[in-house]
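This report refers to the structure that appears directly beneath it.
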(Lines give C-alpha, C1' and ligand atoms only; values in the text may rest on other atoms or scores of the structure.)
Protein backbone atom coordinates (compact mmCIF):
# COMPACT_ATOMS: atom_id res chain seq x y z
CA UNK A 1 0.00 0.00 0.00
CA UNK A 2 1.48 3.35 -0.98
CA UNK A 3 0.65 6.73 0.43
CA UNK A 4 -1.66 7.43 3.34
CA UNK A 5 -4.65 5.21 3.86
CA UNK A 6 -7.82 6.77 2.50
CA UNK A 7 -9.34 6.70 5.96
CA UNK A 8 -6.67 8.88 7.55
CA UNK A 9 -7.63 12.54 7.38
CA UNK A 10 -5.71 14.77 5.01
CA UNK A 11 -4.93 18.46 5.47
CA UNK A 12 -8.07 19.57 3.62
CA UNK A 13 -10.23 17.64 6.15
CA UNK A 14 -8.94 19.62 9.11
CA UNK A 15 -5.79 19.48 11.19
CA UNK A 16 -4.43 15.94 10.89
CA UNK A 17 -4.10 13.96 14.09
CA UNK A 18 -0.68 13.26 15.61
CA UNK A 19 1.27 10.52 13.80
CA UNK A 20 1.04 8.11 16.74
CA UNK A 21 -2.77 8.11 16.61
CA UNK A 22 -2.75 7.68 12.83
CA UNK A 23 -0.24 4.83 13.17
CA UNK A 24 -2.37 3.01 15.74
CA UNK A 25 -5.46 3.23 13.55
CA UNK A 26 -3.55 2.25 10.39
CA UNK A 27 -2.00 -0.72 12.19
CA UNK A 28 -5.42 -1.88 13.33
CA UNK A 29 -6.74 -1.57 9.79
CA UNK A 30 -3.85 -3.58 8.36
CA UNK A 31 -4.22 -6.24 11.06
CA UNK A 32 -7.93 -6.54 10.26
CA UNK A 33 -7.15 -6.90 6.56
CA UNK A 34 -4.54 -9.59 7.25
CA UNK A 35 -6.89 -11.49 9.53
CA UNK A 36 -9.67 -11.40 6.94
CA UNK A 37 -7.42 -12.51 4.08
CA UNK A 38 -5.77 -15.32 6.04
CA UNK A 39 -9.04 -16.66 7.44
CA UNK A 40 -10.75 -16.54 4.03
CA UNK A 41 -7.84 -18.33 2.35
CA UNK A 42 -7.64 -21.05 5.01
CA UNK A 43 -11.41 -21.56 4.99
CA UNK A 44 -11.54 -21.69 1.18
CA UNK A 45 -8.54 -24.01 0.82
CA UNK A 46 -9.84 -26.31 3.55
CA UNK A 47 -13.31 -26.45 2.02
CA UNK A 48 -11.93 -27.02 -1.48
CA UNK A 49 -9.54 -29.75 -0.29
CA UNK A 50 -12.38 -31.39 1.62
CA UNK A 51 -14.64 -31.42 -1.45
CA UNK A 52 -11.91 -32.81 -3.69
CA UNK A 53 -10.99 -35.53 -1.21
CA UNK A 54 -14.63 -36.48 -0.65
CA UNK A 55 -15.18 -36.95 -4.38
CA UNK A 56 -11.80 -38.63 -4.99
CA UNK A 57 -11.65 -40.97 -2.00
CA UNK A 58 -15.10 -40.87 -0.43
CA UNK A 59 -13.65 -39.44 2.79
CA UNK A 60 -13.03 -35.80 3.61
CA UNK A 61 -10.92 -33.92 6.11
CA UNK A 62 -12.35 -34.10 9.62
CA UNK A 63 -10.93 -30.70 10.57
CA UNK A 64 -12.57 -28.98 7.58
CA UNK A 65 -15.98 -29.40 9.22
CA UNK A 66 -14.93 -27.62 12.42
CA UNK A 67 -12.30 -25.07 11.40
CA UNK A 68 -14.99 -22.42 10.93
CA UNK A 69 -15.64 -22.49 14.70
CA UNK A 70 -12.24 -20.89 15.18
CA UNK A 71 -11.73 -18.86 12.00
CA UNK A 72 -15.18 -17.37 11.31
CA UNK A 73 -15.25 -15.30 14.53
CA UNK A 74 -11.79 -13.97 13.65
CA UNK A 75 -12.89 -13.06 10.13
CA UNK A 76 -15.87 -11.17 11.55
CA UNK A 77 -13.70 -9.41 14.16
CA UNK A 78 -11.23 -8.37 11.44
CA UNK A 79 -14.10 -7.05 9.33
CA UNK A 80 -15.56 -5.12 12.24
CA UNK A 81 -12.21 -3.42 12.89
CA UNK A 82 -11.85 -2.53 9.19
CA UNK A 83 -15.43 -1.18 9.08
CA UNK A 84 -14.77 0.96 12.16
CA UNK A 85 -11.55 2.41 10.75
CA UNK A 86 -13.22 3.19 7.43
CA UNK A 87 -16.42 4.50 9.04
CA UNK A 88 -18.43 1.95 7.08
CA UNK A 89 -20.52 0.68 9.96
CA UNK A 90 -24.26 1.21 10.22
CA UNK A 91 -25.16 4.81 11.03
CA UNK A 92 -28.29 6.88 11.47
CA UNK A 93 -27.47 10.43 10.40
CA UNK A 94 -30.68 12.38 10.88
CA UNK A 95 -29.41 14.31 13.92
CA UNK A 96 -25.89 15.09 12.63
CA UNK A 97 -27.32 16.18 9.28
CA UNK A 98 -29.35 18.86 11.07
CA UNK A 99 -26.45 20.23 13.11
CA UNK A 100 -23.71 22.75 12.55
CA UNK A 101 -20.09 21.56 12.29
CA UNK A 102 -19.62 22.23 16.02
CA UNK A 103 -22.76 20.22 16.81
CA UNK A 104 -21.60 17.40 14.58
CA UNK A 105 -18.29 17.34 16.44
CA UNK A 106 -20.10 17.06 19.80
CA UNK A 107 -22.34 14.24 18.53
CA UNK A 108 -19.26 12.47 17.13
CA UNK A 109 -17.44 12.86 20.45
CA UNK A 110 -20.42 11.55 22.46
CA UNK A 111 -20.94 8.62 20.08
CA UNK A 112 -17.24 7.78 20.20
CA UNK A 113 -17.18 7.84 24.01
CA UNK A 114 -20.33 5.67 24.20
CA UNK A 115 -18.89 3.20 21.67
CA UNK A 116 -15.62 3.13 23.61
CA UNK A 117 -17.44 2.38 26.89
CA UNK A 118 -19.67 -0.29 25.33
CA UNK A 119 -16.68 -1.95 23.64
CA UNK A 120 -14.74 -2.03 26.90
CA UNK A 121 -17.75 -3.56 28.68
CA UNK A 122 -17.95 -6.28 26.01
CA UNK A 123 -14.22 -6.99 26.37
CA UNK A 124 -14.52 -7.10 30.16
CA UNK A 125 -17.57 -9.40 30.07
CA UNK A 126 -15.92 -11.74 27.58
CA UNK A 127 -13.23 -12.82 30.06
CA UNK A 128 -15.48 -15.29 31.96
CA UNK A 129 -16.63 -16.75 28.63
CA UNK A 130 -13.04 -17.10 27.46
CA UNK A 131 -12.01 -18.65 30.76
CA UNK A 132 -14.76 -21.28 30.42
CA UNK A 133 -14.01 -21.85 26.73
CA UNK A 134 -10.45 -22.92 27.43
CA UNK A 135 -11.84 -26.24 28.68
CA UNK A 136 -13.93 -26.85 25.56
CA UNK A 137 -11.95 -28.75 22.94
CA UNK A 138 -12.57 -29.38 19.25
CA UNK A 139 -11.43 -32.97 18.77
CA UNK A 140 -11.39 -32.80 14.95
CA UNK A 141 -8.83 -30.00 15.19
CA UNK A 142 -6.47 -31.99 17.38
CA UNK A 143 -8.05 -30.86 20.62
CA UNK A 144 -7.64 -27.14 19.99
CA UNK A 145 -9.41 -25.10 22.64
CA UNK A 146 -12.52 -23.06 21.81
CA UNK A 147 -10.60 -20.27 23.53
CA UNK A 148 -9.01 -19.37 20.20
CA UNK A 149 -12.36 -18.58 18.61
CA UNK A 150 -13.66 -16.60 21.58
CA UNK A 151 -10.43 -14.60 21.77
CA UNK A 152 -11.62 -12.79 18.66
CA UNK A 153 -14.03 -10.89 20.94
CA UNK A 154 -11.08 -9.22 22.61
CA UNK A 155 -9.43 -8.35 19.29
CA UNK A 156 -12.62 -7.06 17.65
CA UNK A 157 -14.05 -5.02 20.50
CA UNK A 158 -10.60 -4.07 21.81
CA UNK A 159 -9.81 -2.75 18.33
CA UNK A 160 -13.04 -0.75 18.23
CA UNK A 161 -12.27 0.65 21.68
CA UNK A 162 -8.75 1.63 20.62
CA UNK A 163 -10.02 3.35 17.46
CA UNK A 164 -12.65 5.25 19.47
CA UNK A 165 -10.06 6.25 22.07
CA UNK A 166 -7.82 7.60 19.30
CA UNK A 167 -10.82 9.45 17.82
CA UNK A 168 -11.66 11.00 21.20
CA UNK A 169 -8.06 12.07 21.85
CA UNK A 170 -7.77 13.58 18.37
CA UNK A 171 -11.12 15.38 18.65
CA UNK A 172 -10.26 16.81 22.08
CA UNK A 173 -6.98 18.09 20.61
CA UNK A 174 -8.92 19.70 17.76
CA UNK A 175 -7.61 17.26 15.17
CA UNK A 176 -9.27 15.02 12.65
CA UNK A 177 -8.16 11.39 12.74
CA UNK A 178 -10.53 9.75 10.30
CA UNK A 179 -12.97 11.04 7.77
CA UNK A 180 -16.36 10.18 9.14
CA UNK A 181 -18.52 10.60 6.11
CA UNK A 182 -21.85 8.99 5.58
CA UNK A 183 -22.51 7.94 2.03
CA UNK A 184 -25.97 7.16 0.73
CA UNK A 185 -27.44 3.97 2.09
CA UNK A 186 -26.65 0.79 0.22
CA UNK A 187 -29.69 -0.98 1.60
### Where a residue in the stretch 163-177 is modelled with pLDDT of 90 or more and its partner, wherever it lies, is part of a loop (DSSP other than H, G, I, E, B) and surrounded by 18 or more Cβ atoms within 10 Å (Cβ to Cβ), with Cβ under 7 Å and at least six apart
166/177; 167/177; 170/17; 170/177
### Message
Please verify whether residue 116 is touching a strand residue (DSSP E or B) at 6+ places or on another chain (Cβ under 8 Å), surrounded by 16 or more Cβ atoms within 10 Å (Cβ to Cβ) and either closer than 22 Å to residue 18 by Cβ or modelled with pLDDT under 90 (or both), treating the condition exactly as stated.
### Response
no
### Task
Please verify whether the stretch 147-170 includes one or more residues that are more than 18 Å from the chain's Cα centre (by Cα), surrounded by 14 or more Cβ atoms within 10 Å (Cβ to Cβ) and not in a helix (DSSP H, G or I).
no
### Message
Suppose we keep only residues that are part of a loop (DSSP other than H, G, I, E, B), without any contact (Cβ under 8 Å) to a residue 60 or more places away in the chain and in contact with a helix residue (DSSP H, G or I) (Cβ under 7 Å, 6 or more places away or on another chain) within the stretch 48-101. Which one would you say is surrounded by the fewest Cβ atoms within 10 Å (Cβ to Cβ)?
### Response
59
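The values are calculated or read from the model by the stated rules, or taken from the named source; none is laboratory data. Keep in mind the model is a prediction, meaning the values are calculated, not measured. Methodologically, a virtual Cβ is constructed for each residue, glycine included, from the backbone with ideal geometry; neighbour enumeration extends over all protein chains shown.
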